[in-house]
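Any read-out appearing in this document is the output of simple, stated calculations on the displayed coordinates, not a laboratory observation. None of the values given here were measured: they were computed from a predicted structure. Note that we place each Cβ from the backbone using ideal geometry, even for glycine, and neighbour counts take in every protein chain shown.
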Amino acid sequence: MTITYSCIANGRAVLAELSLTGGSYQEAAATVLRMVLLRAEPKTIMQMGSFVYHTLFIDGITYLCATDNALDTITPSAFLKNVSDTFLRNPLMSQEHFSPSNAVAADFQQVLGKYMMQYNKNQGDSSISTLRSQVTEVKNIMSKNIDEILENEERLNIFTDKTNDLQTTAKESQKTRKILRRIWWKHFRKIIIITVIRK
């Protein structure tokens, strides 16, 4: 994710802006600023074209940045928070009518540039650390799955052994029943024969 454009606006008037790429952001930024003023929500995220616009709206001032990735919302939020904190700490902000022609606008282009470069640079570091953590997580999950498979295999072997034992016991039980039945019939025949002979 790269922050490619950022601006600070009072209402619809852009006070300071900076673009790191050659794209034309003014039209999309004007549309986003209109939407922010209509909604008056503290934070908004809008997809326009191939860019995602993140805004932070505090006391009539809109802090806006454009990124090339919709998945990361944490980095743009942190960027906008830092820019707003720096902007609100400026002593000229206490003036009622802050105009774009003020020297602060030029200063804030530098502030925007500094924070954009800082957050874009940190993306490389955080991407690597994110990738490493994801690899570690996948490795841990795979190890856990292998352990579970081995446990399941062990349980399956125990179950198979018990099933074999039961089958053997069942066969022996059937043989025993047959033998007992034969003995019973022999005994029953003897009783019948003895009873018939006595009569």
Mind giving me the FRET efficiency for Asn152 and Lys121? R0 is 45 Å, r the Cβ-Cβ distance, nearest 0.05 is fine.
-> 0.45
What is the Cα centroid distance between the range 24-71 and the range 149-185, reported in whole angstrom?
-> 73 Å
When ranked by the protection proxy of mean other Cβ atoms within 10 Å per residue, highest first, what sequence do the peptides 175-188, 24-37, 51-64 form?
-> 51-64, 24-37, 175-188
Among the lysines, select those whose C-alpha is under 26 Å from the C-alpha of Lys190, and discard any that sit fewer than 8 residues away in the same chain.
-> Lys175, Lys178, Lys199
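Where does the charge balance sit around Val83 when Lys and Arg score +1, Asp and Glu -1, over other residues with C-beta under 15 Å from its C-beta?
Numbers: positive: Lys43, Lys81, Arg89, Lys114; negative: Glu17, Asp59, Asp85, Asp107.
Net of charged neighbours comes to 0.
Net charge near Gln47, counting Lys/Arg +1 and Asp/Glu -1 over other residues with Cβ under 14 Å of its Cβ? Write down the numbers at each step before the final one.
Details: positive: none; negative: Asp68, Asp72.
Taking every other residue near Gln47 into account, the sum is -2.
Taking the Cα centre as origin and putting +1 on Lys and Arg beta-carbons and -1 on Asp and Glu beta-carbons, what dipole magnitude results for the range 1-86, to the nearest 20 debye?
Details: 5 positive and 7 negative charges, 37 e Å.
Around 180 debye, computed over the range 1-86.
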